[in-house]
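Shown below is the structure under consideration.
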Amino acid sequence: MDRYDRQIRFQGFSESGQENLSRATVMVMGAGALGTHVSELLTRMGAGKLITIDMDIVEMTNLHRQTLYTEEDVRLMKPKVEALKEELGQINSDVVIKTLNTELASNNIIGILKEHQPDIVIDAMDHFEIRFLINEACHKLGIPWVYGAAVGSKGSVYAIDFDGPCLKCLMDTMPASGESCEINGVLPPVITQTAGIEVSEAIRFLSGAGFSKKLITIDTFGMNYKTMNIDALKNDDCTVCGQHNYEHLEKETFRPVQSNCGRVFTLRFDDEIFEEELQGKIIKENRFVKFINYDGYDMTLFNDGRMNVYGLEGQEEAETLYLEIAGSLSANFHK
């Protein structure tokens with residue numbers, strides 16, 4: 001316990017809190033900006049087992065806000081979870097680090113949660129479709145979770161159990177995707193602050209103090225910090241926590257052509273495409289990913305069949321490209 005002496009000395013946490021943390025399994029969904037900060041904090045604090053899930057590789061634009069990744073990781077096109085595991089293992093060898101290089105979706109999230117049985121889940125995703133899916137999966141399985149989001153200079157955190165409102169109570173309809181890091185930018189300090197509050201909620205819960213029951217919002221540039229007790233927003237007729245209706249779990253999470261943050265579209269094919277001889281030039285590759293220039297487009301092809309295409313002007317152009325690539329393959333290859 002000597003390495004954790006300074007946090008144990010805090011009366012609200014103490015040795016019993018440390019013992020609970022050291023026995024806990026924490027699942028961090030996402031290894032981007034929030035996920036890397038959250039994972040590093042929990043590793044330094046001595047979580048028992050840390051499970052981090054992500055499906056992307058490290059890119060140069062990640063480095064200004066995603067901790068622990070390096071330019072060498074970018075050069076090698078390392079999956080984020082692989083790079084993160086290496087660094088976390090150097091920080092605290094007592095923490096069991098488990099990583100899943102996979103994309104969370106309606107067809108696998110329940111199985112992942114059942115297999116790994118986390119005591120708490122921390123959200124570090126970057127869009128609400130997945131957060132609504134996490135909300136339903138955690139409610140269905142009775143797992144507490146911490147919602148967190150950051151864009152521009154603003155961040156928000158809300159820890160969810162079954163005494164207070166769930167995410168669906170707060171946001172009856174999914175927010176529009178107009179506010180994004182590509183449009184609004186993101187300042188690294190708001191990432192650090194938001195991740196810190198997420199971890200604070202997690203260790204409160206694990207130490208026995210319980211969640212704060214507050215929606216916490218910050219503006220790191222405006223120097224504002226607000227909290228709001230949202231018990232009044234609990235909806236007894238909520239389709240999730242009131243009626244146990246899990247619509248996001250019951251439908252396909254992703255479409256064959258999907259817009260992401262920035263002028264990036266993801267095209268989805270079956271994983272056999274990774275072994276296919278595609279038109280275009282392979283710039284570099286490893287067993288996880290291939291970087292390809294195809295007809296003037298730069299694209300990253302992952303070994304699970306996802307293809308990120310950069311610089312597209314809109315949905316119509318993306319769908320045209322999808323049909324073109326799919327048409328050059330056997331009909332069995334595209335989803």
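Where a number appears in this text, it was derived from the coordinates with a stated rule and is not lab data. Predicted, not measured: the structure shown is a model, and the values here were computed from it. All Cβ positions, even for glycine, are placed from backbone atoms using ideal geometry, and neighbour counts span all protein chains on display.
Neighbouring Cβ atoms within 10 Å as the yardstick, rank TYR294, TYR158 fewest first.
Neighbour counts put them in this order, fewest first: TYR294, TYR158.
In percent, how large is the relative contact order of the chain, given Cα pairs closer than 8 Å and 6 or more residues apart?
For the chain, the relative contact order is 14 percent.
Beta carbons within 10 angstrom, averaged per residue: use that to sort the peptides 299-307, 30-38, 238-246, 192-200, highest first.
30-38, 192-200, 299-307, 238-246
Chymotrypsin sites (Phe, Trp or Tyr not before Pro) within segment 1-86: which are DSSP loop residues with at most 12 other Cβ atoms inside 10 Å?
Within segment 1-86, the qualifying chymotrypsin sites (Phe, Trp or Tyr not before Pro) (loop, at most 12 other Cβ atoms within 10 Å) are PHE10.
By how many nm would the segment from GLU247 to GLU276 lengthen if fully extended, with 0.36 nm per residue of separation less the alpha-carbon distance?
Taking 0.36 nm per residue and subtracting the Cα distance, the gain is 6.9 nm.
By how many degrees, between 0 and 90 and to the nearest 10, does the Cα long axis of helix 80-91 differ from the longest principal axis of the chain?
Helix 80-91 and the main axis of the chain meet at about 40 degrees.
Same structure, new question: On a 22 Å Cα-Cα criterion, which of the cross-link pairs LYS49/LYS213; LYS80/LYS290; LYS140/LYS251 come out too long?
LYS49/LYS213
Just flag the trypsin sites (Lys or Arg not before Pro) in segment 99-153 sitting in loop per DSSP whose Cβ has no more than 10 other Cβ atoms within 10 Å.
Nothing satisfies the criteria.
For n ≥ 4 DSSP H runs only, could you compute -39500 (n - 2.57) per run for the chain, divide by its residues and tell me the 222 nm figure to the nearest 500?
Theoretical 222 nm ellipticity from helices: -9500 deg cm²/dmol.
Now for a different question. Compute the distribution of all C-alpha to C-alpha distances in segment 228-335, in bins of 10 Å from 0, and list the percent of pairs in each, rounded to whole numbers.
13, 38, 21, 13, 12, 3
In addition: Tell me which trypsin sites (Lys or Arg not before Pro) from segment 223-257 have a DSSP coil assignment and no more than 12 other beta carbons within 10 Å of their own.
LYS251
What does the C-alpha gyration tensor say about the overall shape of segment 1-141? Classify as rounded when a/c is under 1.5, otherwise prolate if a/b is larger than b/c, or oblate.
Oblate.
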